[in-house]
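Below: the structure, in structure tokens.
Laboratory data are not the source of any read-out in this text; all were calculated from the coordinates shown. Source: prediction; values computed, not measured. Cβ placement follows ideal geometry from the backbone for every residue including glycine, while neighbour counts extend to all protein chains displayed.
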Amino acid sequence: MNTVELETRKASNAWWAAVDARTKSYAASTHYSDSEKLVAERVKMVLEMCYTDKIYINYRQKFIVLKAVGSVRDPAMLASLEEEWTERGYTKAVSAQGVIYRIPKRG
């Protein structure tokens with residue numbers, strides 16, 4: 001899986017940035033079908049088996065983001081999953097905050 005390095009910057013008001021992100025994520029989630037949301041939940045469950053800490057789902061206009069925080073618990077399983085996800089068109093990005101997997105929106 002190709003990995004992209006992202007630059008992130010710290011928000012001047014972290015509380016407001018979190019509220020804004022949650023609001024935008026909810027608004028974007030209304031444009032996804034139940035089957036697309038189910039795919040994201042399934043990917044989240046599998047990632048929770050591979051990473052030590054929490055996995056976050058964030059809906060965007062063109063893709064669903066799953067952010068994995070923490071270290072990798074099972075590298076072999078993660079590698080095989082990433083290989084399969086590459087075939088499905090999912091992408092991976094790395095930032096200072098964690099590893100980000102993107103599931104493109106269908107249609």
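Using the Cα centre as the reference, give the magnitude of the dipole from point charges on the C-beta atoms of the chain (Lys, Arg: +1; Asp, Glu: -1; all else neutral), rounded to the nearest 20 debye. Provide the component values of the computation, followed by the final result.
Details: 17 positive and 13 negative charges, 95 e Å.
Once rounded to the nearest 20, the dipole reads 460 debye.
For Ala68, what is the net charge nearby, where nearby means another residue's Cβ is under 13 Å from its Cβ and Lys, Arg count +1, Asp, Glu -1?
Around Ala68, the charge tally is +2.
Whole-Hz Karplus ³J(HN,Hα) for the stretch 20-31, in order, using 6.51 cos²θ - 1.76 cosθ + 1.60 and θ = phi - 60°, x for Gly and Pro?
Using θ = phi - 60°, the values come out as 4, 5, 5, 5, 5, 5, 4, 4, 5, 5, 5, 9 Hz.
Give the Rg (one decimal place) followed by the Dmax (whole number) of the chain, computed from C-alpha coordinates and expressed in Å.
Rg and Dmax of the chain, Cα atoms, are 13.9, 39 Å.
Taking 0.36 nm per residue of sequence separation and subtracting the Cα-Cα distance, how much length would be gained by fully extending the chain between Arg73 and Ser35, in nm to one decimal?
That pair, Arg73 and Ser35, stretches by 10.9 nm at full extension.
Build a GNM of the chain with springs between Cα atoms under 10 Å: which of Lys92, Lys37, Lys54 gets the top mean-square fluctuation?
Lys54
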